[in-house]
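The values are calculated or read from the model by the stated rules, or taken from the named source; none is laboratory data. In this text, all values refer to a predicted model and were calculated from it rather than measured experimentally. Ideal geometry is used to build each Cβ from the backbone, glycine not excepted, and the neighbour counts take in all protein chains shown. Accessible surface areas use protein heavy atoms only, side chains included; no ligands, DNA or RNA. Shrake-Rupley method; radii C 1.70, N 1.55, O 1.52, S 1.80 Å.
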Amino acid sequence: AVESTLFKFTAPPVVQGTGLLIVDSGKPVNDIWMYLPATRRVRRIAGAEKSNWFMGTEFTHEDFEDYKTDAYTFRIEREDEACGEQQRCTVVRATAADATEREASGYGAKLYWIEKQTLYPVRIDYLDKSGAPAKRLDARRLQRLGSHWRPQVYEMRHLANGRMTRLTAVEREVDGALDDHLVSQQYLRSE
């Protein structure tokens, strides 16, 4: 089965109209397509480029991908760890088991802090290839949408330079009927 995810950015003006389409067709590395309004072109992001920075933010193209669970091995590091004002988390280490994913990824491992009540990863620690902490993602203001929990705010911190990028979800629909054209390269071009 093919799974597609499409992001359209509305603000700030520097990224307005930019879009990312991620297509997971079961191949070792996802197909990532990016639309830039300035050039009005859709460009494929090659596997080797997925660890490149996205539009001057602290996110890379890879950070927008869904979890490729079949390409990773998982190990519980700690349980019942404090991870917020009243939250408790299980910390799970994800390491790329698939050679293609391991080479394409900019990370040596990821630590997912999975909140016990919602089962949502409210924090992700990204470790570089040497195992040192490189970035940290915090997912804030969890909200229940149907049977799913989703954050309204994502904050990505680059630990070496101290910079932070905040993404805010303005609108979200879960479990609605979705026409295939809404996750296509043609729709990616629409502004």
Förster radius 35 Å - calculated FRET efficiency between Arg78 and Glu3, Cβ distance, rounded to 0.05: 0.70
Quick one: give the max-minus-min coordinate of the C-alpha atoms of segment 41-137 along each principal axis, largest first, in Å. 45, 27, 23
Ignoring any ligand, DNA or RNA, what whole percent of the accessible area of the chain comes from carbon and sulfur when the probe is 1.4 angstrom? 49
Less than 26 Å apart at the alpha-carbon level, and either on another chain or at least 8 residues along: which lysines does that give for Lys129? Lys27, Lys50, Lys68, Lys110
Can you give me the C-alpha center-to-center distance between segment 26-65 and segment 76-119, rounded to a whole angstrom? 23
Rank these by accessible area, largest first, 1.4 Å probe: Lys135, Lys27. Lys27, Lys135
Computed accessible area, Leu6, all protein chains, 1.4 angstrom probe, square angstrom: 40
Å² of accessible area per residue within segment 1-94, as computed with a 1.4 Å probe and no ligands counted: 56
Rank these residues by their accessible area, most exposed first, probe 1.4 Å: Asp125, Asp70. Asp70, Asp125
For Lys110, the accessible surface traced by a 1.4 Å probe with all protein chains present amounts, in square angstrom to the nearest 10, to 20
When only alpha-carbon atoms are used, what values of Rg and Dmax, in angstrom, describe the chain? 16.7, 49
Nearest 0.05, what FRET efficiency do Thr100 and Ala38 give at R0 = 30 Å with Cβ-Cβ as r? 0.45
What is the pair-distance distribution P(r) of segment 1-70, computed from all Cα-Cα distances in 10 Å bins starting at 0, with each bin given as a whole percent? 20, 55, 22, 3
Hey, what number do you get for the chain at 222 nm if only DSSP H runs of n ≥ 4 count, each worth -39500 (n - 2.57), divided across all residues, to the nearest 500? -1000 deg cm²/dmol
Based on Cα coordinates alone, diagonalise the gyration tensor for segment 106-170, multiply each eigenvalue by 5, take square roots, and list the semi-axes in whole Å, largest first. 24, 15, 7
Area accessible to solvent at Thr168, 1.4 Å probe radius, in Å²: 80
